[in-house]
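S.K.: Right, I'll just put the structure down here and ask away after.
The values are calculated or read from the model by the stated rules, or taken from the named source; none is laboratory data. Bear in mind the structure is a predicted one, so any value in this text is a computation, not a measurement. Positions of Cβ are generated from backbone atoms using ideal geometry, with glycine treated the same way; all protein chains shown enter the neighbour counts.
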Amino acid sequence: MSHVMPGLFGINFIQTLMEINGLKLITSNLDVLLLGALVTLELTALAVAFGMILGLIFGLAKLSPQRRLIYGIATFYIDFFRGTPLFVQILLLYFGILPMFGHVGDFSAAVIACSLNSGAYIAEIVRAGIQAIDKGQMEAGRSLGMTHGQTMWYIILPQAYKVVIPPLINEFIAMLKDTSLVSLIGVSELTLRGKLLYSVSYNAAWVWGTVAIIYFIMTKLLAMLGDYVERRLATE
Amino acid sequence: MIEVKNIHKNFGSLEVLKGVSCYIAPREVVCVIGPSGSGKSTLLRCVNQLEKVNSGQILIDGEDVTQSRVNIDRIREQVGMVFQHFNLFPHKTTLDNVTLAPIKIKGIPKEEAQENARNLLRKVGLLDKANVYPNQLSGGQKQRVAIARALAMQPKVMLFDEPTSALDPEMVGEVLEVMKDLAREGMTMMVVTHEMGFAREVGHRVLFMDEGKIMEEGSPEQIFDNPRNERTQSFLSKVL
């Protein structure tokens, strides 16, 4: 009995030491991870911003089936980027397509790939938002002599944006998580920095646990912002 | 003013207008009556091309609006429309509902458009509601704003698509009063309605439609007191 106790004590001691080392590892490298989180946020914000422009254009195009060509292009674009993995899209663009246009840096390539992907999802959000507005609104605008475009701009879109904002924030959250895939082409965002920290420490639990917590905090804050905006719009 | 020549309109395999011809002279008030599904609203919506006809001609001031080269937006400026469900713009105040089209289409300065809009709102008895949003208005008030909104474009003719059908009974009168005033001022009007009293009192001519055709037309006295067509007789015996 007496010779077992020191052994147990020893295991506990080593575990405690490892834990402290893990904690040290994280505290001394937290700035590296947080800078990565900043890159993740920057990439997400750019992707969703460009995605909104693409989404508005292709969402509107998707609502004009009588214009066969632009409707066809929009349908293909949306179906392709929603129907293939973002991972594959990143590889295809970075290694396959963008080199044909000269040198494109990894961050720019990541922004392009994520924007195109986000645009396809936002196009569907825009389309659904516009279709949620009563058909009578378009008829009222047209009957006053406004063009389709004027009615869309002054009457439909100002009403549709309320419908669009909650799913748009969901898309922002989804994109924030999906940007971890661009670690594969060397963009030094949160996941890649986690990978590097793991490869020098082999402390998977602490490194990936911390990375997960940072992602979780970012998405939780966005979700709270989304709830707030939704409440504001509801009372307006 | 408006001349409709033998128009046909299908929704898929359903033929809703089976060769309709009619005309509306300047300063004339024409009321279109008939059972639900008879094509009255479709006829009205074809006049300002919210629905495209399958064949036939619609002349407004001599111009065939069914031709694709016609600038339909310019023609619609001349043709005001009031809908059954009002279709006010919910994100804009009463005043902005009325001023939007004159400012954006005609390029009228904001001050002037607002001055005109206030005059129109006074005319429909809603000047005090200029700064409220549509969801704070009753049905009758909404419809009166919708009339003011259409009048703000200074149309030559007004189309009314069952303007009182969605209203509570006690609000029908206030809307009909506004329409009577308009008729008295000499506005050319085409009114699809179930208000037989209005058709008789205000209408210069009444068209009775059934099954996609105009079955009978004539003066209100003739249609209401001496209907010749048996469909007209049976319809009127049910509603009067």
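S.K.: Could you please give the count of residues in the range B:202-240 that are in a loop (DSSP other than H, G, I, E, B) and either closer than 23 Å to B:Val16 by Cα or acidic (Asp, Glu) (or both)? Quick ask: steps written out before the conclusion?
M.R.: Start the filter on the range B:202-240 by keeping residues that are in a loop (DSSP other than H, G, I, E, B), which leaves B:203-204, B:211-212, B:219, B:226-229, B:240.
When the remaining residues are screened for being either closer than 23 Å to B:Val16 by Cα or acidic (Asp, Glu) (or both), the result is B:211-212, B:229.
Residues in the range B:202-240 being in a loop (DSSP other than H, G, I, E, B) and either closer than 23 Å to B:Val16 by Cα or acidic (Asp, Glu) (or both): 3 in total.
S.K.: Determine, yes or no, whether B:Val53 is crowded, with 18+ Cβ neighbours inside 10 Å and closer than 25 Å to B:Glu195 by Cβ. Reasoning before the result, please.
M.R.: Values: crowded, with 18+ Cβ neighbours inside 10 Å: yes; closer than 25 Å to B:Glu195 by Cβ: no.
So B:Val53 does not fit the description; no.
S.K.: I'm told A:Tyr161 meets every condition in (1) within 23 Å of A:Lys62 (Cα to Cα); (2) of a type outside the set (S, T, N, Q); (3) surrounded by 18 or more Cβ atoms within 10 Å (Cβ to Cβ) except one. Can you identify the failing condition by its number?
M.R.: A:Tyr161 satisfies every listed condition except (3).
S.K.: Within the range A:183-202, count every residue that is under 22 Å from A:Phe95 (Cβ atoms) and assigned to a helix (DSSP H, G or I). Can you show your working first?
M.R.: Taking the range A:183-202 and keeping what is under 22 Å from A:Phe95 (Cβ atoms), we get A:183-189, A:191-192, A:195-196.
Keeping just the survivors that are assigned to a helix (DSSP H, G or I) gives A:183-185, A:191-192, A:195-196.
Total meeting the criteria: 7.
S.K.: May I ask you to say which residue of B:Glu111, B:Glu77, B:Glu63 is within 14 Å of chain A (Cβ to nearest Cβ) and farther than 30 Å from A:Leu233 by Cβ?
M.R.: Details: B:Glu111 fails: within 14 Å of chain A (Cβ to nearest Cβ); B:Glu63 fails: within 14 Å of chain A (Cβ to nearest Cβ).
Of the residues listed, the single one that is within 14 Å of chain A (Cβ to nearest Cβ) and farther than 30 Å from A:Leu233 by Cβ is B:Glu77.
S.K.: Further, regarding this structure: Kindly check whether there is at least one residue in the range B:186-193 that is over 22 Å from the mean Cα position of the chain (by Cα) and small (Gly, Ala, Ser). Quick ask: steps written out before the conclusion?
M.R.: Keep residues of the range B:186-193 that are over 22 Å from the mean Cα position of the chain (by Cα), which gives none.
There is no residue in the range B:186-193 that is over 22 Å from the mean Cα position of the chain (by Cα) and small (Gly, Ala, Ser).
S.K.: Within the range B:87-98, is there a residue that is at pLDDT 95 or above, crowded, with 22+ Cβ neighbours inside 10 Å and either closer than 27 Å to B:Met196 by Cα or charged (D, E, K, R) (or both)?
M.R.: Yes; the residues of the range B:87-98 include at least one that is at pLDDT 95 or above, crowded, with 22+ Cβ neighbours inside 10 Å and either closer than 27 Å to B:Met196 by Cα or charged (D, E, K, R) (or both).
S.K.: Let me ask something else about it. Filter the range B:109-129 for residues that are surrounded by fewer than 18 Cβ atoms within 10 Å (Cβ to Cβ) and part of a loop (DSSP other than H, G, I, E, B) and give the result.
M.R.: Across the range B:109-129, the qualifying residues are B:Pro109, B:Gly125.
S.K.: Going by the conditions given, is B:Gly37 part of a loop (DSSP other than H, G, I, E, B) and within 16 Å of B:Asp210 (Cβ to Cβ)? Quick ask: steps written out before the conclusion?
M.R.: Working: part of a loop (DSSP other than H, G, I, E, B): yes; within 16 Å of B:Asp210 (Cβ to Cβ): yes.
When the stated conditions are applied, B:Gly37 passes them.
S.K.: Mind telling me which of the residues A:Gly145, A:Gly149 ends up being within 14 Å of chain B (Cβ to nearest Cβ), more than 20 Å from the chain's Cα centre (by Cα) and at positive phi?
M.R.: Result: A:Gly145 is the single residue among A:Gly145, A:Gly149 that is within 14 Å of chain B (Cβ to nearest Cβ), more than 20 Å from the chain's Cα centre (by Cα) and at positive phi.
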